[in-house]
1. Taking R0 as 25 Å, what FRET efficiency do you get between Val95 and Leu64 from their Cβ-Cβ distance, rounded to the nearest 0.05?
2. Count charges around Thr55 for me, please; just the other residues with Cβ under 13 Å from its Cβ, Lys/Arg as +1, Asp/Glu as -1.
3. Suppose all protein chains stay in the model; what accessible area per residue would a 1.4 Å probe give for the stretch 46-127, in Å²?
4. Of all the accessible heavy-atom surface of the stretch 1-111, with the other protein chains kept in place and a 1.4 Å probe, what percent is carbon and sulfur?
5. What is the packing order of peptides 63-73, 45-55, taking the mean over residues of other C-beta atoms within 10 Å and listing the highest first?
6. Highest mean first, how do 98-106, 79-87 rank when packing is the count of other Cβ atoms within 10 Å averaged over residues?
7. Compute the convex hull volume of the Cα atoms of the stretch 68-118, divide it by the residue count, and report the result per residue in Å³ as a whole number.
8. Return the long-range amide H neighbours of Arg142 (sequence gap of 5 or more, or a different chain), with a cut-off of under 5 Å between placed amide H atoms.
Amino acid sequence: MTERPSLRTRLRGLAHEVGKFGAVGAVGTLVNFLVFNLCVHGFGLAVVRSGVIATVVAIGTNYLGNRHWTYRDSDKSRQSRELTLFAVFSGVGLVIENGTLAISHYALGYTSTLADNLAKNVIGVGIASVFRFWSYRTWVFRALPEPVPEPEAVPVPAQGTGTGGGNGAGPGSGSAAGTAAGPAAGTAARSGSASGSPRRARPVLRR
């Protein structure tokens, strides 16, 4: 069985993952900022509409960066499922981002350029990024399952099946013992009778 990685190893891997995700997010935030201000001040669009457009463009940038760099070793066997989940969770992040902007601009009345950028590109992006990191690593870019090691084959010792093998109690051992015991018993019987009391000599009659 494979040993589970230690806590230090897992924390190091998590820090490496957070660093990559943060770098991709920084690029996405820059894209978000540029597109948002271009739409507001260049094209004169409403702030929330500009925010939605900027977020959509940043989401596309983030997907390319995370798919091909941060989570490039994740499971790629279900691309359609991955894209669907990415769109769903990115949509939730879009609502968080631009909801913060809408509350700041319309509900609280902070309508300056600085306030709009702080509400959307600092507070909104910050909260949405935490949510995206959790959802992407948990549901979208799933890690590949660890390979299960195959059990090692245990060698089985070979056992002899012949009658003349290493087992001394083969079929031939009984007959051999009986055969050997027969002459020995007869010899012992003769020796016993020979060693017994001598026969009485027959008297010799003299004429």
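1. Details: r = 22 Å, r/R0 = 0.88.
Plugging the Cβ-Cβ distance into 1/(1 + (r/R0)^6) gives 0.70.
2. +2
3. About 51 Å² of surface per residue is accessible.
4. Whole-percent figure for carbon plus sulfur exposure: 67.
5. The peptides rank, most packed first, as 45-55, 63-73.
6. Top to bottom by mean Cβ count within 10 Å: 98-106, 79-87.
7. 91 Å³
8. Asp75
The values are calculated or read from the model by the stated rules, or taken from the named source; none is laboratory data. All figures in this text were calculated on a predicted structure; none of them were measured in a lab. All Cβ positions, glycine included, derive from the backbone under ideal geometry; neighbour counts span all protein chains shown. Side chains are part of the model used for accessible areas, which takes the heavy atoms of the whole protein and leaves out ligands, DNA and RNA. Shrake-Rupley method; radii C 1.70, N 1.55, O 1.52, S 1.80 Å.
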